[in-house]
Amino acid sequence: MDIVVCVKTNPDLEMVRVKDRVAQTEGVPYKIGDLEKNALEAAVALREAGAAAKVTALCLAEGNRKAAEDIKTALAMGADEAVVVDDPALADPDEAAVAAALAAAVKKIGACDLLLFGEGSSDNYTGQVGARVAELLGLPQIGYARKVEAADGAVRCERSMDDMIETVEAPLPAAVTVVSEINEPRIPGLMQIMKAKSKPLQVWSLADLGLEAPAPVREIVSNLAKEQDRKHIVFEGTAAEQADAFVDALTREGVLGR
Amino acid sequence: MERVECIVVGGGLAGLSAAYGLAEAGVEVMVLERGDYSGAKNVTGGRLYLKPIRDIYPELWDEAPFERPVARELVTMMAEGAHTTVEIASDRFTAGAPQSYTVLRARLDQWLAEKVMEKGAMVVPNMKVDELLREDGRVIGIRAGEDEIGADVVVVAEGVLRLLSSAAGLATQPKARHHALGYKEVIELPPGVIEDRWHLNPGEGAAQLFMGECTKGMMGGAFLYTNRESISLGIVVGMEDMRRRRDGTESWQLLDEFKELPQIRPLVAGGTVAEYSAHAIPEGGISQVPRLAGDGYLVAGDAAGFCLNALVTVRGMDFAVAAGHLAAEAIKRAKAAGDFSAAGLASYEGSLRSSFVLRDLETARTIPSFMENPRLFTHYPRAVARLLESVYTVDERPQDGLVKKAWKSVRRDFLNVATVKDAWSARRI
Ligand SMILES: Cc1cc2nc3c(=O)[nH]c(=O)nc-3n(C[C@H](O)[C@H](O)[C@H](O)COP(=O)(O)OP(=O)(O)OC[C@H]3O[C@@H](n4cnc5c(N)ncnc54)[C@H](O)[C@@H]3O)c2cc1C
């Protein structure tokens, strides 16, 4: 069984500062998203358990000009090969374009029995890409996976639902999107990092995939949270008086006692 | 054991400069940096004297992400409630190729790390080296976590604390008395505001140093450098002075108190603190420079004590770049001769001695002990501020003539046994 893990890199969120309500990403290094690391770990664990033969990390650069460098972390974590799709026309793609490129790349990679994703990316978390790619490739998809097992031509997953755990099975090939409970991604040691350097890594353009530059289907008008008007009410008096006045105010606002 | 030709421990300016020179020459080199990226943990005041290193890697500097060329130099001497600022301006600071630039290390180091990678070196962030491996006195590689990697030569560029080199017995443990402690904030301000506040032409920068009251009698001073869209404001105090203090002052409070001074408040008004950091500075001078090369290793940058605080000029970054470069040169020679022993690497020390690095440190040999004189940080700045305060004072009392006013202060503050002694001890710096 061969596994392809779709891996997105995003600006290191811990280092992004917000100035005038705009995220400042200039000079912020990229790293592999958190859930993508879970997906990688799941794939490598399957290979180590003998359930998979090869793990390929597939990354769409999406404007990260150092994606081919950053994806080496996936190789250090245990992926056998890596493919980066890097094209200026995909510098800031919407989810449809991402899915189209990934689906085409998966086809070009060829052997893929299990396609793994993080449930959502660490930056935008639209949670669309896994399902879209599965649809484009005509694969069954299992979401919210907190456990993945593969045997006898099928994948069996535990799905983490709000109030229950669902166990489902799909025939391979299949696509699975994972959540963070699934595992604790390994931190590669220096030796792994050094070995990663000599693992195969290919960079493809859209033309290599036989795709045209996508026409965007979405336009971001604003992704800012709505600014809240504060009430600026100060309560005075004893603690009991303040509490009463506070509860009254909340009731007047319709927050309490509905 | 996995092997590479050269391991550089520490991806600061010294380590990256060494790696750049080595990678350029086709030496297989790997830089290990414990921070999330190069520059993540590095602190500097903020001014790089580029002039001494412009000819080292000349292709690099034109595109380096510097902040502003320093066009105005200001020194402020502070008494309690009074201060005097002197401005030193010269066309020569900026004409043609500016002599110094303000810098932010997060940006500068990351950029240099990228350049190093473009030359073919491996730069591995998030990788803390735990040990320098030794065999029969020779450094044979490093250990990081569970992984041991061998190398023909290790460049130790781990910065001021020398944890690895002292543990491996290559250097003595650093002592408080040879170090200062720096606290710094990067405070964001719009470029226009910066240019107005420091009377700068667009794009130009200022460097302002403060001496006297701000360090509460301790060795040290405060600094302010203007960046493109922020200022770097910090305070530096002698570690030993700080340690001996018994009044409950915590060192980190000094910067807050400094910012609250009425002279400083308007300079930082309206700014947003974007970054806070603290770091040690080697100030022991040439007497604290360890052995620079041995079997299988070289030491560069702060780890080698290459830092010079000459009261109004602070240098460490230019030394780090130059030393890294000379380390690379020495390693190239050692590689050509196939000899990475102390003898094979000995040319490193020789070239440092004929470069400005050890020459300037040698010239400044007496500065560290001269700076142990507390009057430098208390009496003199105060006296200057008070002298000019009195000259500029007009009140209802009958005024002394100008000369008399000044003479009174000069006699009181500058002509006594202590100051004459200070002048005598200063004659050699
Ligand atoms: C407050 C302050 C103000 C200063 N002002 C100026 C100034 O205005 N001008 C000037 O020229 N100089 C100034 N200096 C000095 C200057 O910053 C230093 O001399 C210079 O940074 C030294 O560079 P370096 O590469 O040797 O060390 P560093 O920049 O400290 O780099 C050492 C690197 O090694 C890494 N490292 C350490 N241990 C390990 C390990 N075990 N494994 C892996 N990596 C490790 C660290 O993370 C770091 O990145 C100032 C210093 C301070 C603290």
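The values are calculated or read from the model by the stated rules, or taken from the named source; none is laboratory data. Note that the structure is predicted; figures quoted are calculated from it, not measured. Glycine gets a Cβ as well: all are built from the backbone with ideal geometry, and neighbour counts include every protein chain shown. Calculation scope for accessible area: heavy atoms of the full protein, side chains included, ligands and nucleic acids excluded. Shrake-Rupley method; radii C 1.70, N 1.55, O 1.52, S 1.80 Å.
Computed 3J(HN,Hα) for the stretch A:99-115, one whole-Hz value per residue from the Karplus formula 6.51 cos²θ - 1.76 cosθ + 1.60 where θ = phi - 60°, is 5, 4, 5, 5, 4, 5, 5, 4, 4, 5, 4, x, 5, 8, 9, 10, 10, glycine and proline marked x. Taking every DSSP beta bridge that has both ends in chain A, the antiparallel portion is near 45%.
Every pair of different Cα atoms in the stretch B:65-170 enters the Kirkwood calculation, which places the hydrodynamic radius at 18.3 Å.
Cα centroid separation, the stretch A:5-69 to the stretch B:405-425: 66 Å. With the convex hull drawn over the C-alpha atoms of chain B, the volume per residue is 158 Å³. May I ask you to list the chymotrypsin sites (Phe, Trp or Tyr not before Pro) in the stretch A:80-164 that are in a DSSP loop and have at most 14 other Cβ atoms within 10 Å of their Cβ? Answer by residue number: A:Tyr125. Close amide-amide hydrogen proximity is noted between A:Gln202 and A:Ala82, A:Val83, A:Val84, each under 5 Å apart and 5 or more residues distant or on a separate chain (H modeled in the peptide plane; Pro and chain starts excluded). In the stretch B:178-282, taking the dipole from charged Cβ atoms about the Cα centre, the farthest positive-side position among B:Thr226, B:Pro262, B:Cys214 is held by B:Cys214.
On a per residue basis, chain B carries 43 Å² of accessible surface, using protein heavy atoms and a 1.4 Å probe.
Summing Lys and Arg as +1 and Asp and Glu as -1 over all other residues whose Cβ lies under 13 Å from the Cβ of B:Leu254 gives a net charge of -4.
A straight chain from A:Arg17 to A:Ala213 at 0.36 nm per residue would run longer than the Cα-Cα distance by 67.4 nm. In this structure the amide hydrogen of B:Ala144, modeled in the peptide plane, comes within under 5 Å of the amide hydrogens of B:Asp130, B:Ile149, none closer than 5 places in sequence on its chain. Annotation note: GluC sites (Glu not before Pro) in the stretch B:55-145 located in DSSP loop regions with a Cβ neighbour count of at most 15 within 10 Å are B:Glu63, B:Glu80.
Distance between the 7 Å Cα→Cβ label points at B:Arg353 and B:Thr366: 2.3 nm. Reported to the nearest whole Å, the Cα centre-to-centre distance from the stretch B:163-200 to the stretch B:47-108 is 15. Only helical runs count toward this figure. For chain B, summing -39,500 (n - 2.57) over DSSP H runs of n ≥ 4 and dividing by all residues gives -9000 deg cm²/dmol at 222 nm.
Shape summary of the protein assembly as shown, radius of gyration then Dmax from alpha carbon positions: 30.3, 106 Å. With θ taken as phi - 60° and the Karplus curve 6.51 cos²θ - 1.76 cosθ + 1.60 applied, the whole-hertz 3J(HN,Hα) list for the stretch B:70-82 is 7, 9, 10, 10, 10, 10, 10, 9, 10, 10, 6, x, 8 Hz, x standing for glycine and proline.
Computed about its Cα centre, the charge dipole of the stretch B:374-426 is approximately 180 debye, with only Lys, Arg, Asp and Glu carrying charge at their Cβ. Straightening the chain between B:Glu131 and B:Lys421 buys 99.7 nm, computed as 0.36 nm per residue apart minus the Cα-Cα spacing.
Annotation: amide H-H contacts under 5 Å for A:Val155 (H modelled 1.01 Å from N, sequence separation of 5 or more, or interchain): A:Ala170, A:Leu172. Charge tally around A:Asp244: other residues with Cβ under 14 Å, Lys/Arg +1 each, Asp/Glu -1 each, net -2. With kT/(6 pi eta Rh) evaluated at 25 °C and eta = 0.890 mPa s, and Rh the Kirkwood radius from Cα pairs, the stretch A:133-258 diffuses with a coefficient of 113 µm²/s according to Stokes-Einstein.
GNM remark for chain B: springs join alpha carbons under 10 Å apart, and the peak mean-square fluctuation among B:Tyr183, B:Tyr101, B:Tyr276 falls on B:Tyr276.
Per residue, the average separation of C-alpha pairs within less than 8 Å and at least 6 apart gives chain A a relative contact order of 21 percent. Taking the inverse of the mean reciprocal distance over all distinct Cα pairs, the Kirkwood hydrodynamic radius of chain A comes to 20.3 Å.
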